[in-house]
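Notes for the one structure printed next.
The values are calculated or read from the model by the stated rules, or taken from the named source; none is laboratory data. Remember, predicted model here, so these are calculated numbers, not experimental data. Glycine gets a Cβ as well: all are built from the backbone with ideal geometry, and neighbour counts include every protein chain shown.
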């Protein structure tokens, strides 16, 4: 319960709420059912992947094209899970005890782990994360339902405002999470290259702009690391 | 109830296109995570690509807007993002400030245009 109560103590909950309000509206305007939308939140539990599935399938991409775009966006979950699990592992912890923690791991939880866990005794950490993670999922299911219902009933003006929540919330939370120069360059180039890649109309435009922009950003990171090493 | 779920085919597609390709990385992290250095070069690259993909999605929604958002002129959507970003920076990276200012600019602009 301690974990579940902590969702009240985070601004990110508000951002998450806004994001999932937007996802609910987006799913409605892309022609998906409310049950489908809630299932995507419960079982995917990753905002970017959900938006990719909704926008790609909604705009006529094939299942394979969406699956590839989703899986590439989800690679980032791998390092998150890898870095979060050691924080709560004890001598007695079995792998199956950590399955739900792995499922709940997404960017918000990942950030909050570093903030909250130092104050939580190690043996209570798994329970804490279950409470926090499931609390966040519940908040998002409610937000989805509200966003979906509102999008069906709002004036076009306010419905447009609701759809705009998604890009704004993601842009600023990503910008805030940028820790290194490589992250900043990846964000900027990713924004700028997408309109160019979209001209290709390949069905995997997002992947093309993402891999190109990300690799250039990584190249800059390497080049700078090289310069620093030479100076030292 | 059937309209709540929609058709089952769509739900099956959700699992194939969304759930499995997403979940696989978490489970790989759970199984093989122990031996990987969080700061390794490979993970720096993965993080950069993942960030750029996310940026591409943000750009896609703004550049090729879905549904009701398409009724807002291009320049107003771009202007709202720019205003939101300015507020985000001025308010010392407050996500909240950025979202609110972006929304207000877009909604007020569209309202004024009629």
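Can you find a residue that is surrounded by 19 or more Cβ atoms within 10 Å (Cβ to Cβ), closer than 20 Å to residue A:50 by Cβ and touching a residue at least 12 places away in the same chain (Cβ under 8 Å) anywhere in region A:208-228?
yes
Check residue B:92 against each of (1) more than 9 Å from chain A (Cβ to nearest Cβ); (2) surrounded by 13 or more Cβ atoms within 10 Å (Cβ to Cβ); (3) closer than 16 Å to residue A:177 by Cβ and name the one condition it does not meet.
Failed condition: (2).
Yes/no per residue for (1) more than 9 Å from chain A (Cβ to nearest Cβ); (2) farther than 21 Å from residue A:192 by Cβ; (3) without any contact (Cβ under 8 Å) to a residue 40 or more places away in the chain:
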residue	(1), (2), (3)
B:85	no, no, yes
B:103	no, yes, yes
B:108	yes, yes, yes
B:111	no, yes, yes
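Out of curiosity, is residue B:26 more than 7 Å from chain A (Cβ to nearest Cβ) and either modelled with pLDDT of 90 or more or touching a strand residue (DSSP E or B) at 6+ places or on another chain (Cβ under 6 Å) (or both)?
Considered against the rule, which asks whether it is more than 7 Å from chain A (Cβ to nearest Cβ) and either modelled with pLDDT of 90 or more or touching a strand residue (DSSP E or B) at 6+ places or on another chain (Cβ under 6 Å) (or both), residue B:26 comes out as no.
Would you confirm whether or not region B:61-78 contains a residue that is closer than 30 Å to residue A:101 by Cα and either part of a helix (DSSP H, G or I) or within 21 Å of the chain's Cα centre (by Cα) (or both)?
No.
Quick one: which residue in A:74, A:61, A:42 is in the same structural domain as residue A:128 (by TED's automatic domain parsing), surrounded by 23 or more Cβ atoms within 10 Å (Cβ to Cβ) and in contact with a helix residue (DSSP H, G or I) (Cβ under 9 Å, 6 or more places away or on another chain)?
A:74
Only helices (runs of 4 or more DSSP H) wholly contained in region A:18-124 count here; list those with 1 or more residues that are modelled with pLDDT of 85 or more, within 9 Å of chain B (Cβ to nearest Cβ) and closer than 27 Å to residue B:56 by Cβ.
Here the list reads A:34-43, A:47-58, A:63-74, A:77-84, A:99-104.
Here is a list of conditions, (1) under 17 Å from the mean Cα position of the chain (by Cα); (2) within 11 Å of chain B (Cβ to nearest Cβ), and residue A:140 meets all of them except one; can you say which number that is?
Unmet for residue A:140, out of (1) under 17 Å from the mean Cα position of the chain (by Cα); (2) within 11 Å of chain B (Cβ to nearest Cβ): (2).
For region A:166-173, state whether one or more residues are in a helix (DSSP H, G or I), modelled with pLDDT under 90, assigned by TED's automatic domain parsing to the domain that holds residue A:31 and under 23 Å from residue B:24 (Cβ atoms).
no
So, of the residues in region A:143-164 that are more than 7 Å from chain B (Cβ to nearest Cβ) and within 21 Å of residue B:97 (Cα to Cα), which turns out to be surrounded by the fewest Cβ atoms within 10 Å (Cβ to Cβ)?
Once the filter is applied, the top-ranked residue is A:158.
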